[in-house]
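Okay, structure first, notes after.
The values are calculated or read from the model by the stated rules, or taken from the named source; none is laboratory data. If you're wondering where the values come from, they're calculated on a predicted model, not measured in any experiment. Cβ placement follows ideal geometry from the backbone for every residue including glycine, while neighbour counts extend to all protein chains displayed. These accessible areas exclude ligands, DNA and RNA; they are computed on the full protein's heavy atoms, side chains included. Shrake-Rupley method; radii C 1.70, N 1.55, O 1.52, S 1.80 Å.
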Amino acid sequence: MLNKSNNNFRTTLELLPEKVLQFGTGVLLRGLCDYFIDKANKNGVFNGSIVMVKTTGPDVSEFQAQDNLYTIAVRGLENGEILEENVVIESISRVLSSHTHWEEILKTAENEEIKIVISNTTEVGLQYTEESVEGVCPDTFPAKLTAWLLRRFQTNKAEVVVIPTELIVNNGGILKDLVLKHTEANNLGADFKTWLLSKVRFCSSLVDRIVPGKPNKEELEKFNTELGYVDHLLIKAEVYRLWAIEGENLEEILSFVETDKGVKLEKNIEKYRELKLRLLNAPHTLLCGMAFLSGFNLVKDALNDILMEKYITILMLTELGPAIPLSLDLKTTQRYGREVMDRFRNPYLDHQWLSISLQYTMKMKMRAIPLLLNYYKIFDTVPQYFARCFAAYILFMKVKTEENGKFYGEYEGVKYPINCDSAPYFKEVWNSNNFNEITNNILSNIELWDTDLSLLPGFASNVENHLSNMVHIGVKEVASALNVYA
């Protein structure tokens, strides 16, 4: 087993002072944030360890058995080349359970060297529930954090930087408001509130790395054989990594940011959020119907098809990139676009197009439609690749059967699930055989899009034409016809 006494592993780090308190032991924190801090330590920069807090149960024996060591198996593409790297994370000092070690967790607030608090308690974790923050351990993370900060205030009043990584816009501001709400509700006093507002920095952040987690049994056995030790905490991760932190004048405290290009510390991180939403999430959403109805089950399979790769590249770089509603230079969008393509074609990830189609309509509205509207503002013409993707979306949403309240489409005689709240509406729309009626009904539905898309010049007629052709000659054939002229 992987631990410090295993002859097949040699630690490269001495015992480091504790500098980070981390709420959460999940794979994203372990595969991204802890990866960056460990890398900095190994480069002699940050020189600090992490106290992990497990909030989901009392058992921390897996970590203890391995001396808090675990392996990240990094697999994927970088600049088009295969990259395989096994990294043993050595920067975890202790793993404590909030169920059984609450006083020990609070005592870390008395250590002035711990100036950083990181969290990932999922989006549900950033909600308010009225409860006491004194005495027994509170149930919710914001209340736990308030209790920890109160102990800090009562003992040394040293500054703290709080960096939530939950996937919510303005997660730093939201967490700050929740802590202030607990402060008021628990009557913690004006002095504590003044200290909070002056000495505690809540920094919003954005994290992005696919960390599938622990491999299946067969794959884990292969890793263990390759590594020469058994690691029950091993996780897989893609090559791409991003931790964008919003803040200023924090380079000294967050010194780990300088050792990896994937960590960004900037005054405003909106551009990273927009790039992810518009050039990673939006293409995923736009293409899932097109790719699936072209015969591709996995994302990487579509990228290994020359025609589809060309289609996706042109869609991203000529239509979506220029339509991002921020002033981003061409080099930035193209570089990010190339990184996305490497992520899409990662041979180690089996990402199914059908799983991406979950809540298809909502994702189209949130991720893709703003790009369509902005494209028209800028160019006042039809984005041809987008229009074909929209036609494929309409065709994908054609309900063939309904069973026990579940809806199914059909591709080449095989049914597939349509897991979308708008499925009943599409079932009704597809009762018509008139492509003009179907297209205009969907595009003009303000309840779906908050606007009438049929008013965009030329868009409805293009979508209708592509939809008709897809039904009669095939989806991939329609994509092929476009690429001839690209």
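For the stretch 330-395, a simple Cβ point-charge model (Lys and Arg +1, Asp and Glu -1, everything else neutral) yields a dipole of about 140 debye relative to the Cα centre.
Return the label of the correct value of Rg/Rh (Cα atoms, Kirkwood Rh), as calculated from the structure shown, out of (1) 1.10; (2) 0.99; (3) 1.01. Only one listed value fits the structure, namely (3). DSSP beta bridges confined to the chain are antiparallel in about 45 percent of cases. Proximity of backbone amide H atoms, modeled 1.01 Å from N, is registered between L96 and M52, V53, K54 at under 5 Å, excluding neighbours fewer than 5 places apart on the same chain.
How high is the relative contact order of the stretch 409-486, given as a whole-number percent (alpha carbon pairs under 8 Å, six or more residues apart)? Spell out each step's value before the answer.
On the way: 42 pairs, mean separation 12.4, N = 78.
The value is 16 percent.
Need one word for the stretch 210-334: rounded, prolate or oblate. Basis is the Cα gyration tensor (sqrt eigenvalues a ≥ b ≥ c); a/c below 1.5 gives rounded, then a/b vs b/c decides.
On the way: a/c = 2.86, a/b = 1.05, b/c = 2.73.
It is oblate, given that a/c is not under 1.5 and a/b is not larger than b/c.
To the nearest ten degrees, helix 384-396 and the longest principal axis of the Cα atoms of the chain are 90 degrees apart.
In a shell of Cβ-Cβ distance under 12 Å around V211, excluding V211 itself, what net charge do Lys and Arg (+1) and Asp and Glu (-1) give?
On the way: positive: R30, R75, R209, K214, K236, R241; negative: D34, D208, E238.
After counting each charged neighbour, the total is +3.
With Cα atoms defining each centre, the stretch 434-486 and the stretch 203-237 are spaced 42 Å apart in the structure.
What is the stretch 106-171 by shape, rounded, prolate or oblate, if you read a ≥ b ≥ c off the alpha carbon gyration tensor as root eigenvalues and call it rounded for a/c under 1.5, prolate for a/b larger than b/c, and oblate otherwise? List each step's numbers first, then the result.
On the way: a/c = 2.58, a/b = 1.30, b/c = 1.98.
Here the stretch 106-171 falls in the oblate category.
Dipole orientation for the chain: of the candidates S93, C420, T140, C420 has the Cα lying most toward the positive pole (charges on Cβ; Lys, Arg +1; Asp, Glu -1). Separation of the stretch 336-358 and the stretch 102-126, taken as the distance between their Cα centroids, equals 34 angstrom. The string of couplings for the stretch 237-254 from the Karplus curve (6.51, -1.76, 1.60, θ = phi - 60°) is 8, 6, 6, 4, 8, 8, 9, 9, 10, 9, x, 10, 6, 10, 4, 6, 5, 9 Hz, one whole number per residue in order, with x for Gly and Pro.
The alpha carbon gyration tensor of the stretch 13-85 gives principal lengths a ≥ b ≥ c with a/c of 1.5 or higher and a/b no greater than b/c, which makes the shape oblate. For the stretch 425-440, 3J(HN,Hα) computed residue by residue from phi via the Karplus equation (6.51, -1.76, 1.60; θ = phi - 60°) reads 5, 5, 4, 5, 4, 7, 5, 8, 9, 8, 5, 5, 5, 4, 4, 5 Hz, glycine and proline entered as x. The dipole here belongs to the stretch 182-230: it is taken about the Cα centre, uses +1 on the Cβ of Lys and Arg and -1 on the Cβ of Asp and Glu, and is about 220 debye.
Taking the chain as the reference, fit the longest principal axis to its C-alpha atoms, fit the long axis of helix 475-484 to the helix C-alpha atoms, and give the angle between the two in degrees, 0 to 90, nearest 10. Approximately 90 degrees, to the nearest ten. Ordering 160-170, 374-384 by mean Cβ neighbour count within 10 Å, with the highest value first, yields 160-170, 374-384. Label separation (T11 vs L197): 4.5 nm, computed from points 7 Å beyond Cα along the C-beta direction. Ranking I235, L349, T318 by how far each Cα lies toward the positive end of the dipole of the chain (charges on Cβ) leaves T318 at the top.
Assuming R0 = 25 Å, can you tell me the calculated FRET efficiency for the pair S327 and M366, based on Cβ-Cβ distance, to the nearest 0.05?
Numbers: r = 22 Å, r/R0 = 0.87.
After rounding to 0.05, the efficiency reads 0.70.
Per residue, the chain reaches -11500 deg cm²/dmol at 222 nm when only DSSP H runs of four or more residues are counted, each adding -39500 (n - 2.57). What the chain shows is 44 Å² of accessible area per residue, with the surface traced by a 1.4 Å probe over protein heavy atoms.
Among bridges DSSP assigns within the stretch 71-168, what percent are antiparallel (round to 5)?
Details: 8 of 12 bridges.
If I count the DSSP bridges inside the stretch 71-168, around 65 percent turn out antiparallel.
Taking Cα centre as origin and charging only the Cβ of basic (Lys, Arg, +1) and acidic (Asp, Glu, -1) residues, the dipole magnitude of the chain rounds to 460 debye.
Among residues other than A479 whose Cβ falls under 15 Å from its Cβ, what is the net charge (Lys/Arg +1, Asp/Glu -1)? Neighbour charge sum, excluding A479 itself: -2.
If packing is taken as the average number of other Cβ atoms within 10 Å across a peptide's residues, how do 80-86, 25-31, 454-460 rank, most packed first?
Numbers: 80-86: 11.7, 25-31: 22.0, 454-460: 16.3.
Packing order, densest peptide first, comes out as 25-31, 454-460, 80-86.
Amide H contacts for R201 (H built 1.01 Å from N in the peptide plane; partners 5 or more residues away or on another chain; cut-off under 5 Å): V160, V161, V162.
With Cα atoms defining each centre, the stretch 285-331 and the stretch 1-71 are spaced 37 Å apart in the structure.
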